[in-house]
Amino acid sequence: MTLFTGAGVFRDEKPLEKPRTCVAGISSIRGLLPPNALPEEILDAGEERVRALFVEACNPICSYADAKRMTEAFEQLELLVVIDPAMIEPARMAHYVLPPPIGYEKWEASSFAKGYPEVYFHLRRPVLQPPPEARQECIIFL
């Protein structure tokens, strides 16, 4: 079984062994794998390859090394779902684009632990109405 968690691609062979990428055998560090391994896990991993991907609030094509290879890999996915308010590069290739509201259109919460042991919490209410088709990320995942 292969699982891509946004943090990496995992091969489930030995439960006591650290998860590794299928192609290069890169082991995870604290459960995370390098995102630059993703293209080869889509293009070169055979039957264990990554076939579907959810991209949320990031642009892997522009954020990681070798944009051309990442683009080639994304074009080979059987399912690409992008959750982003902007029509970023992966969204242009996606099978589904799900628009969440932007920060001013939804409730937002932040905590600030800089003054530990005093921790501050800020809750901001929406100041704009979101477009009718926008759904908050937690609702999309639900």
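Here are a few things to note about the model shown:
- Share of carbon and sulfur in the accessible heavy-atom surface of the chain [1.4 Å probe, %]: 56
- Averaged over its residues, the range 92-142 has an accessible area of 86 Å² per residue, based on protein heavy atoms and a 1.4 Å probe.
- Net charge of Cβ neighbours under 13 Å - reference Ile29; Lys, Arg +1; Asp, Glu -1: +3
- Given their separation in residues at 0.36 nm each and the Cα-Cα distance between them, Thr71 and Arg51 gain 5.8 nm when the chain is fully extended.
- Gained length - Phe141 relative to Ala109, 0.36 nm times residue gap less alpha-carbon distance: 9.7 nm
The values are calculated or read from the model by the stated rules, or taken from the named source; none is laboratory data. No experiment lies behind these values; they were computed from the predicted model shown. Please note: Cβ atoms are built from the backbone with ideal geometry, for glycine as well, and neighbour counts cover all protein chains shown. What goes into the accessible areas is simple: the full protein's heavy atoms, side chains included, and nothing from ligands, DNA or RNA. Shrake-Rupley method; radii C 1.70, N 1.55, O 1.52, S 1.80 Å.
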